[in-house]
Each structure stands twice: as C-alpha cells, then as structure tokens.
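A.B. asks: Got a structure here, written out as structure tokens. Questions coming.
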Amino acid sequence: MGNNEHILLVEDDRGLRELLQEELEAEGYRVTPCADAEHAGEVLASDLPQLLISDLRLPGADGLSLLPLLRDCASPPAVLIITAFGSVQQAVKALQKGADDFLTKPLEMDHLLLTVRRLLENRRLRSEVQHYRSLLAVEQFSGIIGQSPAMQQLFHQIRQIATADGPVLIQGESGTGKELVARALHDRSSRKGQPYLTVNCGGIPSELMESEFFGHAAGAFTGARTQRAGLFQQADGGSLMLDELGEMPLALQAKLLRVLQDGRMRPVGSDHEIQVDVRIIAATNRNLTEAVADGSFREDLFYRLETFSLQVPPLRARGDDVQRLAEFFLTRFNSRRQRQIKGFSDDALAVLASYPFPGNVRELQNAVERAATFCDTPLIEVRHLPQRICEQPAEQVAHAQHDVVHMLPLNGEPDGMPSLETVQRNYIHQVLHATGGNKRRAAEILGITRRTLYRWLE
C-alpha cells in the first residue's frame with residue numbers, strides 16, 4: 001500500500017482518469033487528477049508530486065511538454081508516460097526527455113500498479129543516496145564535519161596555518177578530533193604527498209622512546225643487531241604527528257627541542273648527526289601551561305611548539321553540529337552494516353542536543369553505533385540511546401534552574417532583588433549553557449520559538 005505519496009495523474013479521457021484515480025487511491029496514494037497539461041503545470045508549480053503519470057497526447061500541449069518543468073526541481077518526481085499510440089520511437093523519445101518508464105494502452109491494471117510501486121521506490125532510493133552524499137561531501141572540511149561558528153573559525157585557522165611550515169600545537173579535550181585536524185594540516189600543506197606518520201607518545205615505553213623517535217645504530221643496545229631508522233627519518237620531507245605530547249618524558253623533550261631548532265638528530269649509539277626536514281604537529285588534551293608550572297613539561301619546548309596553536313572546540317560548544325554528526329555516523333553505519341535506518345526521532349535528536357558529551361565526538365559516534373545496533377524501528381528512538389544520555393537532559397535543566405534560584409539574594413530586602421529582566425537574561429544564558437549552546441533545545445526548554453530566543457539574545 002502507498003504511504004500517502006502524491007501522484008499527479010494527467011489524462012484527458014474522463015472515464016480512464018476516474019478509473020485510474022480510484023485504483024491508485026485504493027492503494028493508499030493521494031491522487032490529483034488533471035485533464036490537460038495547462039492544469040497539470042499549475043499543480044507542479046504549487047504541489048510537487050512524487051510521481052507524474054501523464055498521457056502522451058493531451059489537448060493543447062502533449063505530456064512531454066511537462067518534463068522541462070521538472071528540470072530545476074531539487075527532488076523531481078518520477079515520470080510514467082502512457083499512450084494509445086505506442087511505438088519504439090515514442091518510447092525512446094519519452095525516455096530521452098526524462099521519463100522513467102513508458103506504458104501503452106490498453107493498460108493492464110496490475111502491471112500499472114507494479115510499475116508505480118517500482119518507480120516510487122526507485123525515487124525514494126535516489127533521494128536517500130542524494131541525502132547521504134550531501135552528508136558525506138558537502139559538510140566536510142578535509143574529512144571534518146562541522147558548520148557551527150566554532151568549527152568555521154577552526155577551519156579558517158587551519159587554512160592559514162597549513163601554508164606555513166613551523167610546528168603546530170593542537171589542544172582540546174579527548175575525543176574532539178585532534179587527529180583529523182592534524183591530517184587536514186598536512187593534506188593542505190606543501191608537504192601533501194610526502195610521508196605523514198603518527199605516534200602516540202603515551203603508548204610507547206619510556207625506555208624505547210628515544211630509539212623509536214631517532215632510530216639506532218647496530219649494536220647500540222642488547223638486541224639491536226641492525227641499524228634502524230626512527231620516526232623522524234621515516235617522516236623526512238613530510239609531517240610527524242605526536243599525539244598525547246604531554247606524556248613525553250622530560251629527557252626526550254630536550255632532544256625534541258633540538259630537532260625543532262635546527263633539524264638535526266642523532267640515532268641512539270651513533271657518533272654522527274642526521275639532518276631531517278620534518279614538520280611537527282603535536283596534540284594533547286593536557287593543559288600544558290599547568291604542566292610547565294608544575295615542571296612536567298619544558299617551558300622552552302612549549303613556547304617553541306606554540307608558534308602556531310589551535311584549540312579544537314568541545315562538542316557541547318558546537319550547537320547543531322551534534323545532529324549533523326549523528327546523521328553522518330548513522331549513514332556510515334547503514335552503509336557498513338547494510339541497514340536502512342532512516343534517521344532519528346525528534347525526541348531522540350532533542351536528547352542528543354541537550355547532552356553535554358564529555359567524551360565529545362568519539363562518545364557521540366559510539367552512542368550512535370550502539371543505538372543503531374539495537375534499533376528495531378525505522379527511526380532511532382530515545383529508548384535506543386545509552387541510558388546515561390537519556391537521563392542527562394533532566395539533570396542538566398535541573399542544574400540550570402538550581403543556579404537561577406541561587407542568583408537571588410538571601411537577605412530578602414526588596415532593594416537587593418534583581419529585576420525581572422536580569423533574572424530572565426541570566427536564566428536564558430544558564431539554559432544555553434546547560435544545552436551546550438544549542439538554541440533549538442534551549443527554546444524548547446524555555447517554551448518559546450527560536451525566533452523569540454534570537455530576539456531576546458539581541
């Protein structure tokens with residue numbers, strides 16, 4: 001049965017038109033009948049259908065004259081041409097002008113309904129593919145998805161820094177996508193096409209770090225039977241991404257500083273220095289200013305790395321990017337697992353928008369994969385999301401309301417009480433903070449439209 005999909009039926013034979021309308025409506029379709037191309041053109045301009053069924057020969061203009069009206073449509077309808085004057089030449093002409101199929105009279109009703117179902121299903125699939133492609137291509141910046149002001153600012157900075165050649169320090173919370181930012185810097189630089197290596201400084205035992213970075217000569221230590229090139233030699237001419245830089249031991253930090261200053265390094269056990277040309281891109285979720293203060297990170301190395309510094313925003317500061325990323329991860333899940341989950345319910349999106357995501361993009365990705373795995377409906381619903389996410393919104397709003405209450409003075413003196421405008425303004429900002437800057441969710445909590453919220457913020 002049809003899902004109330006709209007079909008525009010153009011047939012000048014009144015009897016056949018009424019018969020086809022009755023059969024199509026019995027299948028659950030919404031049918032708009034027309035007797036000529038002029039009336040059909042008016043319908044196409046105001047209420048675009050999912051399927052156009054038109055007789056080839058009509059009073060005045062023929063059915064093919066309707067096809068040019070569909071060229072500029074973002075999501076054009078499928079087109080089925082019917083005629084009593086069927087021929088191979090007419091079929092080819094109709095298909096060349098944009099028709100999807102061609103049937104001749106007298107019509108066999110079962111064949112017609114089967115064709116209608118097939119054309120509508122093909123159109124649905126085309127629309128889904130177009131939607132998925134837009135998610136995979138339009139919203140990406142070197143593999144990074146984001147349209148929020150915070151991310152647009154980051155993209156602008158990446159464009160500028162990528163053309164330089166000094167070291168880069170990328171800071172941000174765990175799970176924000178610092179690795180993607182590092183890769184974007186390399187791919188947009190003059191070093192693109194040269195080696196790009198990554199190393200997790202927290203995943204290498206301290207006693208092996210120097211050899212891993214700078215290589216070693218044969219016989220440098222027990223087990224070093226042959227000479228080995230380190231990461232700096234392997235990345236020569238390209239970029240080396242040092243993840244979790246804050247975990248690097250102080251002794252190795254001094255040697256890293258030497259490489260940054262003059263590009264020279266000495267393999268373990270070697271008497272000769274080697275010149276390398278490597279751009280260092282370092283990333284950390286530690287506060288390096290505090291690490292310098294407590295002596296766990298070298299001050300001179302910090303200032304050398306901070307030549308170019310990038311701050312990757314947390315997901316809670318990226319507004320509607322949460323929905324964009326959720327849809328992207330669902331699209332990728334559908335493709336990998338051959339699933340056809342159509343999206344998220346409005347309630348599920350509202351819950352995701354209000355959750356602060358301490359684990360950032362990585363946590364969102366895992367949450368979407370879990371929800372999609374357990375999804376047994378066309379849309380992901382709230383019950384499919386991890387329990388911690390479902391329970392969080394109410395707590396967030398409660399915290400915001402608690403903070404607003406405690407903004408009021410406790411002395412009870414009328415002169416010390418804030419004005420209604422002040423309380424309103426402060427409460428709006430508390431709700432925005434609690435929702436991570438998501439204005440749609442904030443407006444829902446406040447019980448106002450987004451338009452009203454923007455006016456109040458102004």
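A.B. asks: Evaluate the distance, in nm, between pseudo-label points positioned 7 Å from the Cα of Arg124 and of Glu27 along their respective Cα→Cβ axes.
C.D. replies: Reported label-point gap for Arg124 and Glu27 is 1.3 nm.
A.B. asks: Hey, another quick one. How high is the relative contact order of the chain? Use alpha-carbon pairs under 8 Å, at least six apart in sequence, and give a whole percent. Mind showing how you got there, number by number?
C.D. replies: Details: 706 pairs, mean separation 50.9, N = 458.
This gives 11 percent for the chain.
A.B. asks: Sticking with this one: List the relative contact order of the stretch 147-313 as a percent without decimals, with contacts defined as Cα pairs under 8 Å and 6+ residues apart. Please report the intermediate quantities before stating the final value.
C.D. replies: On the way: 298 pairs, mean separation 56.4, N = 167.
It comes to 34 percent, rounded to a whole number.
A.B. asks: By the scheme Lys and Arg +1, Asp and Glu -1, what is the net charge of all other residues having a beta-carbon under 12 Å from that of Gly263? Mind dumping the intermediate values first?
C.D. replies: Details: positive: Arg258, Arg264, Arg279; negative: Asp165, Asp236, Asp262, Glu273, Asp277.
Counting the neighbours of Gly263, the net charge comes to -2.
A.B. asks: Then there is this: Once you put a point 7 Å from the Cα of Leu107 and another 7 Å from the Cα of Glu179, both along the Cβ direction, what distance in nm separates them?
C.D. replies: Simple spin-label model gives 5.6 nm for this pair.
A.B. asks: Also: Projected onto the charge dipole of the chain (+1 at Lys/Arg Cβ, -1 at Asp/Glu Cβ, origin at the Cα centre), which of Met265, Val199, Ile144 gives the Cα projection farthest towards the positive end?
C.D. replies: Met265
A.B. asks: Just subtract the alpha-carbon distance of Ala254 and Lys342 from 0.36 nm times their residue separation and send over the number in nm, one decimal. Please list the in-between numbers first.
C.D. replies: On the way: separation 88, 0.36 × 88 = 31.68 nm, distance 5.33 nm.
Additional length available on full extension: 26.3 nm.
A.B. asks: Taking amide H atoms as placed 1.01 Å from N in the peptide plane, list the residues 5 or more away in sequence, or in a different chain, whose amide H sits under 5 Å from that of Leu103.
C.D. replies: Those lying under 5 Å, H to H, from Leu103 are Ile81, Ile82, Thr83.
A.B. asks: Let me ask something additional. Considering amide H positions built from the backbone, and no H for Pro or chain starts, which residues 5 or more places from Thr198, or on another chain, come under 5 Å of its amide H?
C.D. replies: Met241
A.B. asks: Something else about it: Dipole magnitude of the stretch 147-313 about its Cα centre, charges +1 at Lys/Arg Cβ and -1 at Asp/Glu Cβ only, in debye to the nearest 20?
C.D. replies: On the way: 16 positive and 20 negative charges, 102 e Å.
The calculation lands at about 480 debye.
A.B. asks: Quickly work out the Ser296-to-Ser75 label distance, labels modelled 7 Å from Cα along the C-beta direction, and quote it in nm with one decimal.
C.D. replies: About 5.2 nm separates the two model spin labels.
A.B. asks: Still on this structure, I have one more. Can you give me the Kirkwood hydrodynamic radius for the chain, using every pair of distinct Cα atoms, in Å to one decimal?
C.D. replies: Numbers: mean 1/r = 0.0362 Å⁻¹.
Taking every pair of different Cα atoms in the chain, averaging 1/r and inverting gives 27.6 Å.
A.B. asks: Which of the chymotrypsin sites (Phe, Trp or Tyr not before Pro) found in the stretch 157-241 are loop residues per DSSP with 12 or fewer other Cβ atoms within 10 Å of their Cβ?
C.D. replies: Numbers: sites: Tyr196, Phe213, Phe214, Phe221, Phe232; in loops: Phe221.
Here the sparse-neighbourhood loop sites are Phe221.
A.B. asks: Please report, ordered by residue number, every helix of the chain (full DSSP H runs) that is 30 Å or longer along its axis going by C-alpha atoms and whose mean Kyte-Doolittle hydropathy reaches -1.0.
C.D. replies: Working: long enough: 109-133 (36 Å, -0.82).
Helices meeting the span and hydropathy rule in the chain are 109-133.
A.B. asks: For Gly343, what residues show an amide H to amide H distance below 5 Å, using hydrogens built from the backbone and excluding near sequence neighbours?
C.D. replies: For Gly343, whose amide H was placed from the backbone, the distant partners under 5 Å are Ile380.
A.B. asks: Fewest to most neighbouring Cβ within 10 Å: what's the order for Phe155, Phe102?
C.D. replies: Working: Phe155 16, Phe102 21.
Placing the least packed residue first, the sequence is Phe155, Phe102.
A.B. asks: Same structure again: Among Tyr29, Tyr355, what is the fewest-to-most ranking by other Cβ atoms within 10 Å? Spell out each step's value before the answer.
C.D. replies: Values: Tyr29 24, Tyr355 28.
Taking fewest neighbouring Cβ atoms as first place, the list is Tyr29, Tyr355.
A.B. asks: Shape call for the stretch 147-313 from the C-alpha gyration tensor, a ≥ b ≥ c root eigenvalues: rounded (a/c under 1.5), prolate (a/b greater than b/c) or oblate?
C.D. replies: The shape class here is prolate.
A.B. asks: Further question on the same structure: Between Gln157 and Asp13, what length in nm is gained on full extension when 0.36 nm per residue of separation is reduced by their alpha carbon distance? Don't skip to the end; give the middle numbers.
C.D. replies: Working: separation 144, 0.36 × 144 = 51.84 nm, distance 6.46 nm.
Taking Gln157 through Asp13 to full extension adds about 45.4 nm, to one decimal.
A.B. asks: Another question about this same structure. For the chain, give the magnitude of the charge dipole about the Cα centre (Cβ charges: +1 Lys/Arg, -1 Asp/Glu; no others), in debye to the nearest 20. Walk me through the numbers on the way to the answer.
C.D. replies: Numbers: 49 positive and 60 negative charges, 259 e Å.
Dipole of the chain, to the nearest 20 debye: 1240 debye.
Since every read-out is calculated from the coordinates, none of them should be taken as a lab result. Remember, predicted model here, so these are calculated numbers, not experimental data. Using ideal geometry, Cβ is built from the backbone for each residue, glycine included, and neighbour counts are taken over all protein chains shown.
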